[in-house]
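In what follows, a structure is listed as structure tokens, so that the remarks can point back to it.
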Amino acid sequence: MEPRYNLQERTQRSYEQFLTRYPAYYKTALLDELRASEYARLDQQRHVYLDYTGGGLYARSQVERHLELIGGAVLGNPHSANPTSTRTTSLVESARKAALAYFGAVEDYALVFTLNASGALKIVGESFPFGPGGEFLASADNHNSVNGIREFARAKGARVRYAPVVAPALRLDVEATRRLLDDAGGGEKLFAFPAQSNFTGVKHPLALVEEARQRGWRVLLDAAAYTPTNRLDLRQVRPDFVTLSFYKMFGYPTGVGALLVHRASLALLRRPWFAGGTVNFASVGAMAHVLARNEAAFEDGTLNYLSIPAVEIGLRHLEAIGIEVIATRVQCLTGWLVEELLALRHSNGRAMVRLYGPSTNEDRGGTVTMNLYDPAGHLLDYRRVEELAGEAGISLRTGCFCNPGAGECAEGLTEEEMLAGYAMGDDINLQSFLRLMQESGLNKSAGAIRASIGLVSNWEDARRFVEFIEGFRDQTRLAIGEVTFDVDSCRVIRDGS
């Protein structure tokens with residue numbers, strides 16, 4: 001069945017051309033039915049949601065089923081054996097089993113519930129046995145929550161290095177990475193990289209997991225941007241640690257993430273502290289404690305026990321749709337969007353859009369990051385673009401996306417230029433650094449525009465975004481204006497006024 005939209009005649013031909021170029025889109029028609037029944041608020045409000053990498057959208061039925069579940073039960077803190085605690089524990093463990101099964105991890109992995117992917121990464125960083133002779137190797141393309149692990153490594157005397165990515169596609173330099181993996185000491189070593197970049201949408205090769213492990217490395221796979229639209233089967237790809245956030249996958253609930261730990265690596269971790277819920281026995285007089293076993297040793301305090309049951313509801317929702325259907329739609333829409341954006345030109349022939357990352361669909365996800373330039377080649381203020389997008393009913397995201405390495409490589413920012421920014425002291429931020437680049441005569445950006453496609457995106461969303469970007473044709477930087485933020489008055493200032 002063909003997906004259908006209420007199109008004006010002038011856009012019908014464009015849609016038909018899209019279907020000719022991407023016939024696999026026909027196979028995803030059930031997502032249009034789902035959008036109409038479960039996500040009707042999008043079309044009712046004429047809203048274009050293009051921030052799936054920032055957060056997924058939830059279906060109406062997910063919330064209704066969760067409300068029905070907790071509204072009809074008496075649930076209490078699970079750290080007890082009373083009836084309400086027992087019922088809560090049963091729901092939490094059911095969600096844990098469902099998540100392990102979803103990732104094919106029932107036999108070999110333990111799952112630790114966390115607040116989010118960042119919380120899961122912090123557990124690995126603080127608990128990994130770094131030391132002299134050991135190493136933390138990360139891809140330059142990484143979320144800051146992964147980059148932050150380097151502080152734990154450096155504090156314990158381990159070496160810290162980065163594996164480079166190569167412009168313009170910003171893919172991981174696999175050969176350079178292999179050389180870095182080979183050049184390592186005899187201590188405990190941790191290699192961390194994202195399955196999919198939250199900056200460019202690049203899918204880095206998962207084969208590196210096994211290659212690194214064969215070289216004696218433990219591997220941390222950040223799957224937060226990958227799992228919303230891709231199947232991660234831990235029977236096929238077997239990292240030591242996997243981190244993710246469930247709201248990225250299906251929107252609801254927020255405040256629940258996970259750390260999946262291969263059981264062979266679980267005993268390696270050494271927690272630097274203990275908390276309520278993580279110990280079997282603790283004494284003040286003896287100043288001693290015995291940690292709980294397995295995942296319980298890492299679930300600090302009281303779990304978000306009312307939200308965790310919604311995880312199983314969300315996973316069932318994805319399973320009913322089929323992650324492969326979602327992946328097909330995302331691939332079709334992303335391919336078309338990238339082609340259309342790269343084809344945009346000012347009247348003088350200059351490109352309107354500079355894309356960061358792959359210009360094709362090969363090994364890339366639905367994250368499309370860019371900057372816009374005026375007819376003279378001047379960078380447009382991405383914050384002003386976001387403001388105008390909001391006025392047009394389009395939700396996208398701008399900034400550095402907590403991924404400085406990919407951004408620095410994308411813009412060719414040098415170490416000298418970055419140090420010039422840090423010389424500003426505590427006043428340094430994206431806005432002040434961007435102004436520094438402009439004052440230095442460098443047409444470089446400290447941020448970008450990110451449009452990301454996901455679960456119930458459709459062609460009309462992509463078309464409206466392209467139409468919005470087309471609206472900048474032949475407009476100058478001064479005509480568009482700038483957005484600045486005055487810290488003292490906490491207000492937005494436009495056009496420098």
Would the stretch 299-307 turn up any residue that is at pLDDT 95 or above, within 23 Å of the chain's Cα centre (by Cα) and not in a loop (DSSP other than H, G, I, E, B)? no
Considering only the stretch 15-32, I want to know if a residue exists there that is out of contact with any helix residue (DSSP H, G or I) (no Cβ under 8 Å at 6 or more places or on another chain) and assigned to a loop (DSSP other than H, G, I, E, B). yes
Out of 377, 393, 366, sole residue that is in the same structural domain as residue 25 (by TED's automatic domain parsing), loosely packed, with under 15 Cβ neighbours inside 10 Å and either charged (D, E, K, R) or within 30 Å of residue 255 (Cα to Cα) (or both): 393
The stretch 6-56, subset surrounded by 15 or more Cβ atoms within 10 Å (Cβ to Cβ) and aromatic (Phe, Trp, Tyr), residue nearest to the chain's Cα centre (by Cα): 52
Which residue pairs have Cβ atoms under 8 Å apart, sit 6 or more places apart or on different chains, and have a first residue in the stretch 317-342 that is more than 16 Å from residue 202 (Cα to Cα) and at pLDDT 95 or above and a second that is hydroxyl-bearing (Ser, Thr, Tyr) and surrounded by fewer than 17 Cβ atoms within 10 Å (Cβ to Cβ)? 317/61; 342/359
Applying the selection to the stretch 68-95, what residues are under 20 Å from residue 320 (Cα atoms) and free of Cβ contacts under 8 Å to residues at least 60 places away in the same chain? 68
Would you confirm whether or not the stretch 211-233 contains a residue that is touching a Leu at 6+ places or on another chain (Cβ under 9 Å), modelled with pLDDT under 95 and among the aliphatic types (A, V, I, L, M)? no
Just wondering, is there one or more residues in the stretch 263-273 that are closer than 20 Å to residue 102 by Cα and buried (at least 24 other Cβ atoms within 10 Å of the Cβ)? no
Just one listed residue, out of 289, 317, is touching a strand residue (DSSP E or B) at 6+ places or on another chain (Cβ under 7 Å) and not in a loop (DSSP other than H, G, I, E, B), and it is 289
Conditions first: (1) in the same structural domain as residue 456 (by TED's automatic domain parsing); (2) not aliphatic (A, V, I, L, M); (3) not in a loop (DSSP other than H, G, I, E, B). Residue 53 passes all but one, so which condition is the exception? (3)
Can you tell me how many residues in the stretch 123-168 are touching a strand residue (DSSP E or B) at 6+ places or on another chain (Cβ under 7 Å) and touching a residue at least 40 places away in the same chain (Cβ under 8 Å)? 19
Quick test for you: out of 98, 158, pick the one residue that is at pLDDT 95 or above, crowded, with 20+ Cβ neighbours inside 10 Å and among the small types (Gly, Ala, Ser). 158
By residue number, the members of the stretch 52-78 that are at pLDDT 95 or above and among the polar types (S, T, N, Q) are 53, 61, 62
Here is a check on your reading of the model: is residue 400 modelled with pLDDT under 95 and under 14 Å from the mean Cα position of the chain (by Cα)? yes
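The values are calculated or read from the model by the stated rules, or taken from the named source; none is laboratory data. The structure presented is a predicted model; accordingly, all values stated were derived computationally and were not measured. Here Cβ is always computed from backbone atoms with ideal geometry, including for glycine, and neighbour counts include all displayed protein chains.
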